[in-house]
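Notes for the one structure printed next.
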Amino acid sequence: MKRQFPSWLVAALPPSSALPLHARHPARSVRHPKAARPVIEAMLPAATLRRPPSTPSAEAQAVASAAIVSGSRLKVMWLYLGCLLALAASVRAETYVVLPFSNATLDKNLDWIGESIADNVSEILAAEGFVTAARADRVAVYHRLSLRSYARLSKASVIKIGEELDAEHVIYGEFDVKPSKEAGAKTRGTLQVTGRVLDLRRLKQGPEFRETGALEDLALLQNHFGWQTVRVFKPNGSPEEEFRQRHPAVRVDALENYVRGLLASNPDEKHRFFSQASRLDLKYVAPRLQLGHLDWNKKDYRSAAELFQKIPESDSHYREATFYLGLCRYYGGDFGGARNAFQIVAQSVPLNEVFNNLGAAASRRNEPEALDAFRKALEGDGSDPAYLFNVGYALWKQGKFDQAAEKFRAVLDRDPADSVAGTLLARCDSHSGPRPGDTRMEGLERVKTNYEENQYWQLKAVLQPAKQE
């Protein structure tokens, strides 16, 4: 069922197509509304946040009217986010988290199976259009709650983890491996997987799934489990045969190496496991992405670019890989190639960091479109020093000194020690623009290396909720 927003709010807002979806300030993460609440409370009276959804306060309506009269789309957007956070229980984007499956065997060397099931099902959900909690966030919550990843969890612990991650649905379970008792058996044992779905919004236990098969068929078993999970939330989804074509199974030894790479803490060990996984199954995309990130972290941009370029468009991480491909090309001096990569990403996920980097690549090529891209990034987060600097820098290059000076002053207000902004402000005050041969003032664009696509989909799921299939 499509979520319904209060009629007064719908009437007050411009069409969703006119809203700047990349605007995520001050509510930087819809998935973590607690972090943004102090800012929202400064904008809306406390009584507004406590009031039931069906009865918006007069104060809230007054704030909405004032925002609209001012003509500021961004203020309206912030108000919209404030109301969404205030009504989080009924209108926030549904987030799904898959927990590591607990290990019912006595062999800790098999813990990787529980991680593999969680990672695979989470990737399947993300590829099928669901908003999923990131693995790094889940690991952080386990650490904060002092929980062992592969131990059996009580329902209270499952609920607590879900609440910490602001998830509406938690998928969890356990696995067991029964060793083969036949001499010369071709299988390492029989794998039994039991999974459950918990609806935290309604505190309702969902269906239970069971999968049994040879350990060597782990990929097939967890893919089928993923398909069953998708069917819970999309009962009229695609048939299993079509699903299997989108999610082909990989070799179990490749899976094991990949997951051990995820669990390793040493970069060299990670590289060894991911490389082995990639060699064992050439169709396996996930290890290439991880190897690309490892090379990126080592600033081996050429090798990283080759790996990111191999991520197919059909993969759910294609845009992420293309974003980092753009960064690799940028740092490698291929600004045209970087611009093309960022343009591809911007067409699908209009994130601040994507617009900013698109502008940086265009600016390095002295293209006039750079300023528009920088302004889109700044529209999304008007307090970010990098976005302010880049808009000022583009204006300075165009000889618009007064406008540029305003941006550089804003940068210095946030960071008085920014000597480059100080130098450019002085040049603006003296109406001194770029000078031929002055290499110190060239290539000063500031790029972003963070990529937060998940937040965009969370916000879009709230603003444009899809119909249940």
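The numbers here are math on the coordinates, done by the rules we state, and not lab data. Since this is a predicted model, take the numbers as computed values, not measurements. All Cβ positions, glycine included, derive from the backbone under ideal geometry; neighbour counts span all protein chains shown.
Annotations
- Formal net charge of residues neighbouring His317 (Cβ-Cβ distance under 13 Å; K, R +1; D, E -1): -2
- 5 angstrom amide H check on Ser102, placed H, neighbours 5+ away: Gly173, Glu174, Phe175
- For the listed peptides 112-118, 97-103, a ranking on the average number of other beta carbons within 10 Å per residue, highest first, reads 97-103, 112-118.
- Each peptide among 122-135, 169-182 gets the average number of other Cβ atoms lying within 10 Å of its residues, and from highest to lowest they stand as 122-135, 169-182.
- For region 103-112, 3J(HN,Hα) computed residue by residue from phi via the Karplus equation (6.51, -1.76, 1.60; θ = phi - 60°) reads 8, 7, 7, 9, 9, 5, 5, 9, 4, 4 Hz, glycine and proline entered as x.
- Simple label model, 7 Å out from Cα along Cβ direction - Arg279 to Gln398, nm: 5.3
- Net charge in the neighbourhood of Val349 (other residues with Cβ under 11 Å of its Cβ; Lys, Arg +1, Asp, Glu -1) is -2.
- Restricting region 307-353 to trypsin sites (Lys or Arg not before Pro) in coil, as DSSP defines it, with at most 10 other Cβ within 10 Å: none
- Measuring r between the beta carbons of Leu106 and Glu367 and using R0 = 51 Å, the FRET efficiency lands at 0.20.
- For region 95-249: rounded, prolate or oblate by the Cα gyration tensor [a/c cutoff 1.5]: oblate
- Close amide-amide hydrogen proximity is noted between Thr132 and Tyr96, each under 5 Å apart and 5 or more residues distant or on a separate chain (H modeled in the peptide plane; Pro and chain starts excluded).
- Couplings for region 332-340, taken from phi via the Karplus curve 6.51 cos²θ - 1.76 cosθ + 1.60 with θ = phi - 60°, read x, x, 8, 6, x, x, 5, 4, 4 Hz in order; Gly and Pro are left as x.
- Figure legend: label point modelled 7 angstrom from the Cα of Lys155 along Cα→Cβ; no residues of region 220-245 have amide N under 11 Å from it.
- Computed from backbone phi with θ = phi - 60° and the Karplus coefficients 6.51, -1.76 and 1.60, the 3J(HN,Hα) list for region 276-283 is 5, 4, 5, 5, 5, 9, 5, 7 Hz; x is used for glycine and proline.
- With 23 Å as the limit, the listed pairs Lys270/Lys299; Lys178/Lys270; Lys397/Lys448 have Lys178/Lys270 beyond it between alpha carbons.
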